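Engineer: Have a look at this one before I ask anything.
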Amino acid sequence: MRFRWAVLAMVLVPTCLSAQAEVDQRTSLGSGGTTLWPQAGPTCSGGTALDDGSFENGYRTAFATDARFVQRLTPPSYPSGLERVCACWATGLDPAVMAFNFLIYDDDGPSGSPGRLLGTVPSSVLISTAFGEAFVGEDCASLNLRTESGGVYVGVQWNAATNVDFFTCSDESSATPLATMFRSSNAGLSWIPVTGTFPDAKALGFRGEFVPLVDPDPPVGPWLTTAALPGYQFKSQISGNRAATLVADCVPETLCLAGAIPTRAEVFVRIIGPRGNGFLWPEVVRFTVSQVELWVQKTPTGPINYYKLPAVSQDSDVLNGLVDREGFLP
């Protein structure tokens, strides 16, 4: 089988012409013979994969100093943690080494596109033979990523302007179900569907290893209730062992929880909906760098949902929250 390589080129055009700054282009760089593409190696065994184990092509965005390709992965169960990410790389010409970053995004962007950046993991790839390929995997358990519903986008970021011989592996088999894939050439400020540029794409060589998470039991002690959110009761811990308390003076339709100072709210909780998908959505916003744990029960004997916001560094510029889009049925 002859393998093809797809390149997205950016070309300069005369200013007198009203032409696109980006021009889609497919370039044949294959070796002309049969190439054995890799199965998942020791660092990428198991987990969630959307490709069929073989790849017919490779993609990149030419001249982009910040090229990004991502693919949406859905864990087999909820809640799940993401412990390892993997990517297949191929080189078009000479043996080469390249540094790159794994990227993990929430799927909370417009219409389910990549939204909030959840984490990055630095890595590198060495392909020792011309027209070779390699899987690379990195542990990401330290990011403490927890998926309550939906999925996450896993992908890579690299300087395609200087690393012109590296391509992300692409499965173009007609039997492979179509994955949800996006690319960006401007540091993730905007995303374009991969199939809009490469219509033969079915899946990229990005994989993730999810692990099921067992929710801890609610701590002992009374449940908290508020007239602002009737029909629900709550328990919360801040910093691992400090029970959160109710703040009476709160904004409408919101549960306000205090930590170290009883009158200072450190956590906001809302339950909105039903939304368009038929579910009620719990929303949690925090104003503390400490770890936040929250248990929400639809009273009196309904299910208990558990949410955890890991601690962030003292100098962090971002305090993340969460939205559970499949939290409770009405």
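The values are calculated or read from the model by the stated rules, or taken from the named source; none is laboratory data. Here the structure is a predicted model, which is why all the values come from computation and not from measurement. Positions of Cβ are generated from backbone atoms using ideal geometry, with glycine treated the same way; all protein chains shown enter the neighbour counts. We work out accessible area using only protein heavy atoms, side chains counted, and drop any ligands, DNA or RNA first. Shrake-Rupley method; radii C 1.70, N 1.55, O 1.52, S 1.80 Å.
Engineer: Set the Förster distance to 30 Å, then compute FRET efficiency between D217 and V289 from the Cβ-Cβ distance, nearest 0.05. Walk me through the numbers on the way to the answer.
Structural biologist: Numbers: r = 26 Å, r/R0 = 0.85.
Taking R0 as 30 Å, the efficiency between D217 and V289 is 0.70.
Engineer: Counting only the backbone N, which residues of the stretch 148-178 are under 15 Å from the spot 7 Å out from the Cα of D52 toward its beta-carbon?
Structural biologist: Flagged as within label range: 170-178.
Engineer: With log10 I(q)/I(0) by the Debye sum over Cα atoms at q = 0.08, 0.09, 0.11, 0.15 Å⁻¹ in mind, check (i) -0.40, -0.50, -0.73, -1.24; (ii) -0.40, -0.51, -0.77, -1.41; (iii) -0.46, -0.56, -0.76, -1.14 and report the label derived from this structure.
Structural biologist: Comparing each candidate, only (iii) matches the computed number.
Engineer: Based solely on its DSSP helices, what 222 nm [θ] is calculated for the chain when runs of n ≥ 4 H residues each add -39,500 (n - 2.57) and the sum is averaged over all residues, nearest 500 deg cm²/dmol? Intermediate results must be reported in sequence, preceding the final value.
Structural biologist: Values: 1 runs with 4 residues, N = 330.
One gets 0 deg cm²/dmol as the mean residue ellipticity at 222 nm.
Engineer: Here's another thing I want to ask about it. Could you calculate the contour length gain from A311 to T65, that is, 0.36 nm times the residue separation minus the distance between their Cα atoms, to one decimal place in nm? The partial results should precede the final answer.
Structural biologist: On the way: separation 246, 0.36 × 246 = 88.56 nm, distance 3.24 nm.
Extra length available between A311 and T65 comes to 85.3 nm.
Engineer: Need one value: the accessible area of K298 in square angstrom, 1.4 angstrom probe, rounded to the nearest 10.
Structural biologist: The accessible area comes out at roughly 50 Å².
Engineer: Take the alpha carbon gyration tensor of the stretch 98-154, find the square roots of its eigenvalues, order them as a ≥ b ≥ c, and report rounded if a/c is under 1.5; if not, report prolate when a/b exceeds b/c, else oblate. It would help to have the intermediate numbers written out before the result.
Structural biologist: Values: a/c = 2.93, a/b = 2.01, b/c = 1.46.
Because a/c hits 1.5 or more and a/b exceeds b/c, the stretch 98-154 counts as prolate.
Engineer: From largest accessible area down, sort W223, W295; use a 1.4 Å probe on the protein chains. Mind dumping the intermediate values first?
Structural biologist: Working: W223 70, W295 5 Å².
The residues order as W223, W295, largest area first.
Engineer: Please report the antiparallel percentage of DSSP beta bridges with both residues in the chain, rounded to the nearest 5. Please list the in-between numbers first.
Structural biologist: Working: 91 of 94 bridges.
So the antiparallel bridges amount to about 95 percent of the total.
Engineer: Still on this structure, please answer the following. Calculate the FRET efficiency for A161 and Y78 from the Cβ-Cβ distance with a Förster distance of 45 Å, rounded to the nearest 0.05. Before the final figure, lay out each step's value.
Structural biologist: Values: r = 40 Å, r/R0 = 0.88.
Once the sixth-power term is evaluated, E becomes 0.70.
Engineer: Oh, and also: Sorting W89, W281 by accessible area (1.4 Å probe), largest first, what list results? Present the calculation step by step, with values, prior to reporting the outcome.
Structural biologist: On the way: W89 0, W281 50 Å².
Correct descending sequence by accessible area is W281, W89.
Engineer: Okay, moving on. Over what distance in Å are the Cα centres of the stretch 277-330 and the stretch 168-210 separated?
Structural biologist: Centre-to-centre (Cα) distance: 30 Å.
Engineer: Follow-up question, since we're still on this one. Relative to a virtual label point 7 Å from the Cα of L126 in the Cα→beta-carbon direction, which members of the stretch 150-172 show backbone nitrogen distances below 18 Å?
Structural biologist: 166
Engineer: Note down the relative contact order for the chain as a percent, whole number, built from C-alpha pairs under 8 angstrom at least six residues apart.
Structural biologist: Working: 813 pairs, mean separation 55.2, N = 330.
Here the relative contact order equals 17 percent.
Engineer: Using a Förster distance of 35 angstrom, determine the FRET efficiency expected from the C-beta separation of S173 and S142, and round it to 0.05. Don't skip to the end; give the middle numbers.
Structural biologist: Values: r = 35 Å, r/R0 = 0.99.
FRET efficiency, S173 to S142: 0.50.
Engineer: Say each of I192 and R264 gets a label point 7 Å from the Cα, pointing the same way as Cα to Cβ; how far apart are those two points in nm?
Structural biologist: Rounded to a tenth, the inter-label distance reads 4.8 nm.
Engineer: Now a separate question. Among S149, F100, A134, whose Cα lies farthest out toward the positive end of the dipole of the stretch 93-164, if unit charges sit on the beta carbon of Lys, Arg (+1) and Asp, Glu (-1)?
Structural biologist: F100
Engineer: Please list the three semi-axes, largest first and in whole Å, of the ellipsoid equivalent to the stretch 139-224, using sqrt of 5 times the eigenvalues of its alpha carbon gyration tensor.
Structural biologist: Working: eigenvalues 251, 57, 35 Å².
In descending order the semi-axes read 35, 17, 13 Å.
Engineer: Nothing charged except the Cβ atoms of Lys and Arg (+1) and of Asp and Glu (-1): what's the magnitude of the dipole of the chain about its Cα centre? Round to the nearest 20 debye.
Structural biologist: Working: 21 positive and 31 negative charges, 75 e Å.
My answer is approximately 360 debye.
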